[in-house]
1. Within the range 582-591, can one find any residue that is within 27 Å of PHE487 (Cβ to Cβ) and either polar (S, T, N, Q) or touching an Asp or Glu at 6+ places or on another chain (Cβ under 7 Å) (or both)?
2. Scan the range 28-49 and report the pairs whose first residue is aliphatic (A, V, I, L, M) and whose second residue is away from the ligand (no atom under 16 Å from the Cβ) and at pLDDT 85 or above, with Cβ atoms within less than 8 Å and a gap of 6+ or a chain change.
3. Might you let me know whether the range 443-459 holds any residue that is in contact (Cβ under 8 Å) with a residue 40 or more places away in the chain and over 37 Å from the mean Cα position of the chain (by Cα)?
4. Among what's in the range 61-83 and is aliphatic (A, V, I, L, M) and in a helix (DSSP H, G or I), pick the residue that is surrounded by the fewest Cβ atoms within 10 Å (Cβ to Cβ).
5. Of all residues in the range 299-318, which are closer than 26 Å to VAL424 by Cβ and either surrounded by fewer than 21 Cβ atoms within 10 Å (Cβ to Cβ) or among the hydroxyl-bearing types (Ser, Thr, Tyr) (or both)?
6. Take the conditions among the aromatic types (Phe, Trp, Tyr) and buried (at least 21 other Cβ atoms within 10 Å of the Cβ) and apply them to TYR331. Does it pass?
7. Looking at GLU117, is it touching a residue at least 40 places away in the same chain (Cβ under 8 Å), of a type in the set (D, E, K, R) and within 14 Å of the ligand (Cβ to nearest atom)?
8. Test SER207 against the stated conditions and say whether it is surrounded by 20 or more Cβ atoms within 10 Å (Cβ to Cβ), of a type in the set (Gly, Ala, Ser) and under 30 Å from ASN152 (Cα atoms).
Amino acid sequence: QSAVSSSPSDGNNLRSPICCIMGHVDTGKTKLLDCIRGTNVQGGEAGGITQQIGATYFPAENIRERTKELKADATLKVPGLLVIDTPGHESFNNLRSRGSGLCDIAILVVDIMHGLEPQTIESLNLLKMRNTEFIIALNKVDRLYGWKTCRNAPIRKAMMKQSKDVKNEFNMKVTQIVTQFKEQGLNTELYYKNKEMGETFSIVPTSAISGEGIPDMLLLLVQWTQRTMIEKLTYSEEVQCTVLEVKVIEGHGTTIDVVLVNGVLHEGDQIVVSGMQGPIVTTIRALLTPHPMKELRVKGSYIHHKEIKAAMGIKITAQGLEHAIAGASLYVVKPDDDLEYIKKAALEDVESVLSRVDRSGEGVCVQASTLGSLEALLEFLKTPEVNIPVNAINIGPVHKKDVIKAGVMLEKKREYSTILAFDVKVTPEARELADKLGVKIFSADIIYHLFDQFKAYMDNIKEEKKKESADEVVFPCVLKIIPNCVFNKKDPIILGVNIFEGTLKIGTPICIPSQDFIDIGRIASIEINKKSVNHAMKGQEVAIKIVGCNSEEKQKTFGRHFDIDDELVSHISRRSLDVLKTNHRDDLSMEERKLVATLKRLFKIQ
Ligand code: GDP
C-alpha cells in the first residue's frame, strides 16, 4: 500500500479541492508551481508532497506546517490540495464535464509590474464561462525597487520590513491593478482587507522567487474552498473523472492521463470513454501513479494501485484507447448499470460540443487539440462581440481532408473557406493543398490571437471587395439645380447643384425621376469653390460635370430633356443596392439608410 492511495479523503468525508494555475505568459505560473511544490522548502516530498500524474498533491499537514506563521485557525477540513501541473488554459479547458468546469478553484497569476495582459483577460473569460472560483496571485513583488527579501514569509510580515518607498510603490501598483480589474467588471481587493469574499475577489501578493506570500496563498486556497464548497467537496461514490491527455507510453501502449475528481476507481473496472469513432468500452488494466522517490525513478516505472480514491491524477492503461478524446469524461460501468445508457451519455458529452455548428451551412472550419479546447473556442466564437459562424469542426491535427472540407466554402463564401486551428499541428501536405486551393489556415495557441488574425483577414477582404465593387456601387443622393447656375447644357452638362439628400460621389449615374427616369449620364467631376473633390455631403453646394453613360448614345440636354425644377437622383438598381448593402453598409448613416429605402420605393425595386 502506497502513501498516495491512502491519504486523500480519509478522516472526514471531504475530498481534496482541485486547483489550476492560469495567467499571461511569463507572469510566473511555472515558477509559482515550483515554489509551492517546495523546491525551496526543505524536505520536499518528505513534507508529504506527492507527485501524481499531471498534478501535485499537498497534504493538509504540509499546508499547516507552511502556514503556521500566519497563526490562522488551524482546522483544515480538506485532506489536502491537488494542483494541476500544467499551467495555462489547456488543462483548465480540459478539466470539464458537460460544459461545466471541474477545477474547484484557480490561481490567476498577474505580474505586479505589468498588470492585466491579454491572456489574463482571456483566462478571466474562461473562468467566468465555466463559473470557476479564483484568487489572484499578484506575483513578482520582489521586483519592486528596493525590495528586502524575507524568504517564505507571510506577505504582511514581509511588507512590514519594507521601506516607505517600496510600500508606496506597492500600494500604487495594487490600486492600478484593482482599477484594471474593475474595467473588466470585477471587484478585487487585497485578501486581508477583503470583507466581502465571494463578491470581491482576493488578491495575494507573492514572489515565486523568494517565497513571500506563498503561505498566504496556500491558506487562502484551502480556507476558501472548505468554507464555500463543502457540498462540492463532499466525497461521493459517483465517479467524476476527465481525460486530460492521451499518450503512448513505452511498454503500456496508449494510456490516458485522467483527473479523478470524485469517487473511486478500481483495477478491472469496466469504463466508457468517448472516442473519435464513438464511445470506447474497455477495462482498466492498471491504475498508475509515479514513484514517490524521484531519485530512484526509472523511466517508465510506476506504482500500481488496486484502487484509487478522489481527488487524484492517475494514468490508466487499458485496451482500445487510441482514439480517446482528451477533455471527455470517463464513466465507470457498475454491475447493475445499463451499458447502453452510459454509452449514450458518453456520446452526448461529445455531441453537445460537436453539434454547435452553424445550421445555415455557412461558416469557418474550427479545429482544436482536445474536446475542452474546442468547446472553449466555440463558446468564444459565439459571443456577440466575435460572432463568427462555424460550419465544421474536428479534433486533432489539420490534415488534407480537413482542407478539402474547408474548400467547399470557396464557392459559397470565400472568406469562410478558412480553418481556425487552435493548438494543433498543420501537416505540410495540408498546408500545401490549402495554398493551392486558396483555403486560409490560421493557427495559434491563444484563442484571441486566432480571432485577431481572422478579423484582420476579414477586414482586408472587405476592403478588397469595396475596391472591386467601386464601379458598381451607387451611393444614394438627391440633387437640386441652383437657378442661374447652368454653365453648360450638354456635352458635358455642367451645373451648380445643392445636395438635398445623401452623399454625392464621382461615378454616380444620374437620372430624372420626374421625366420618366431618363438617364442623363454619370458624375465626372465635382467642384467645391473651384476645387476638385471626390465626394460631397448633404447640404453642400457644388458644381458638377455630367458626361454620357456611353459614347454611342447622344447625351441628354438641359432645357430639352429636363429642366431647372427637376430633381436629379442617383440611379439605383437591385444589383447596386446589393453591392451597397454587402460592402458598404458601415459607410452609411442612419439618414442615408432611410434615403436608400425611399429610393427603393421610388424605383419600385422589390
Ligand atoms: P510562466 O510563463 O507564467 O510559466 O512564467 P515562468 O514561471 O516561466 O516565469 C517567467 C520568468 O519570470 C522567469 O524568468 C522566472 O524566473 C521569472 N519569475 C517568475 N516569478 C517571479 C517572481 O516572483 N519574481 C521574479 N523576480 N521573477 C519571477
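The values are calculated or read from the model by the stated rules, or taken from the named source; none is laboratory data. Everything numeric in this text was worked out from a predicted model, so none of it was measured. Cβ: placed from backbone, ideal geometry, glycine included. Neighbour counts: every protein chain shown.
1. Pass one, the range 582-591, residues within 27 Å of PHE487 (Cβ to Cβ): none.
No, the conditions are met nowhere in the range 582-591.
2. Pairs found: ILE36/PHE58; VAL41/ARG66; ILE49/TYR57; ILE49/PHE58; ILE49/PRO59; ILE49/ASN62.
3. No, because not a single residue in the range 443-459 is in contact (Cβ under 8 Å) with a residue 40 or more places away in the chain and over 37 Å from the mean Cα position of the chain (by Cα).
4. Narrowing the range 61-83 to residues aliphatic (A, V, I, L, M): 63, 70, 72, 74, 76, 78, 81-83.
Narrowing further to those that are in a helix (DSSP H, G or I): 63, 70.
Values: ILE63: 25, LEU70: 19.
Checking each candidate, the answer is LEU70.
5. Answer for the range 299-318, where residues must be closer than 26 Å to VAL424 by Cβ and either surrounded by fewer than 21 Cβ atoms within 10 Å (Cβ to Cβ) or among the hydroxyl-bearing types (Ser, Thr, Tyr) (or both): just THR317.
6. On the way: among the aromatic types (Phe, Trp, Tyr): yes; buried (at least 21 other Cβ atoms within 10 Å of the Cβ): yes.
Yes, satisfied.
7. On the way: touching a residue at least 40 places away in the same chain (Cβ under 8 Å): yes; of a type in the set (D, E, K, R): yes; within 14 Å of the ligand (Cβ to nearest atom): yes.
For GLU117, the condition - touching a residue at least 40 places away in the same chain (Cβ under 8 Å), of a type in the set (D, E, K, R) and within 14 Å of the ligand (Cβ to nearest atom) - is met.
8. Values: surrounded by 20 or more Cβ atoms within 10 Å (Cβ to Cβ): yes; of a type in the set (Gly, Ala, Ser): yes; under 30 Å from ASN152 (Cα atoms): yes.
Yes; evaluated as a whole, the condition is true for this residue.
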